[in-house]
1. Which of 242, 49 has the fewest other C-beta atoms within 10 Å, and how do the rest follow up to the most?
2. Can you compute the modelled spin-label distance between residue 430 and residue 110, with each label point 7 Å from Cα toward Cβ, in nm?
3. Only counting other Cβ atoms within 10 Å, I'd like 395, 234, 191 sorted with the fewest neighbours first.
4. In which sequence would 189, 254 go, from the one with the fewest C-beta neighbours within 10 Å to the one with the most?
5. Quick one: if you stick a label point 7 Å off each Cα along the C-beta vector at residue 402 and residue 312, how many nm between them?
6. Between residue 217 and residue 198, what length in nm is gained on full extension when 0.36 nm per residue of separation is reduced by their alpha carbon distance?
7. Based on the mean of other beta carbon atoms within 10 Å per residue, what is the order of 125-133, 417-425, most packed first?
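Read-outs: derived from the displayed coordinates by stated rules, not from any lab. Please read these numbers as outputs of a predicted model, since none were measured by experiment. Glycine also receives a Cβ, built like all others from the backbone with ideal geometry; neighbour counts cover every protein chain displayed.
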């Protein structure tokens, strides 16, 4: 019997678009053992799960082991979530061999496992996937992953190429979860009081218990101090600091972030989240740079500090000249005009000279340094990855071979992780214990 699986081979992720598209035309049905194949055991392989938090175990065939993928992007979408930006996402290092995934609602779900590979090392994948793991709110991501292959959207397509990050295999499974696996949200003042000062509702019973303990121990004591005095004192001082610092930065020649950026977070009564405020004063541009477009920099016509300096020196020279002319020359009007014209000519000449030096020397030197730095960094990463290939390949082939996959995940016999085996063993034990005592609250 033919074994049908969806495979997407050697595809590139373009980092200049917003989203990911997996085109149906790129998937193929194949029974060839030489094609890379990813397998995943989901707690017994049943279409109906017995828990909302389940262990999973990965398996690879020899062809996929040859490619040596380093990460698996897990995407869980509920049947009611039609937009590709909704769902649950998790990036799992394949070197773990096994892990846990958690569902947040009852009903039918589509779980997709995407094996990723990078020729520049695993850190490149983690950096690129940060974009797709950034949540706008729980269950809604800023950048989408389109699994339906809609070509009229603005997502990233996996095209054949030699980029730093690409897809090598895909595994998809459809499963259902009954309502009994999820906890019921309490409808009382206790629920509202426990969730006060929190932006979002708790995800599971464990998070809710932590909030309950805090709500009936320290929260009443610090309510007046923190909520009434400290919060608004902090908001006032933060607002004054941000306005003053950003205005000063603009005046001195470093373009700042928008002056009133994140003021809605600072003055939000329902929550206090200083960590979500962008405390960066400037935009990271060099001195005198106003904007960057397509790698080209636009500069200030003149900075506020330069205007102030010209005014101060002009006033000093005018005062000095007035004293000299008052003592030695009676007809001083003509000399003041001559002096003013001279100052303007000298200033224009200095500005032109500075621009020429920046255009013909600084930019070329900066481009050369950046090119050399990128080349050396790429070479170091390739050397580092090359040193790890034989050992990692052997672990994939011997430990995660699909021929050794069990029918059900047994935490006592799961493969030993390639990296930090003791830490991963503790991670599995913790999630197994949490699955027994903490039911998630349904999002739908």
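1. Fewest-to-most Cβ neighbours within 10 Å comes out as 49, 242.
2. Modelled inter-label distance: 3.3 nm.
3. Numbers: 395 20, 234 14, 191 17.
Ascending Cβ contact count within 10 Å gives the list 234, 191, 395.
4. Values: 189 8, 254 20.
Ascending Cβ contact count within 10 Å gives the list 189, 254.
5. 7.3
6. On the way: separation 19, 0.36 × 19 = 6.84 nm, distance 1.64 nm.
Full extension from residue 217 to residue 198 adds 5.2 nm.
7. Details: 125-133: 16.7, 417-425: 14.9.
Top of the packing list down: 125-133, 417-425.
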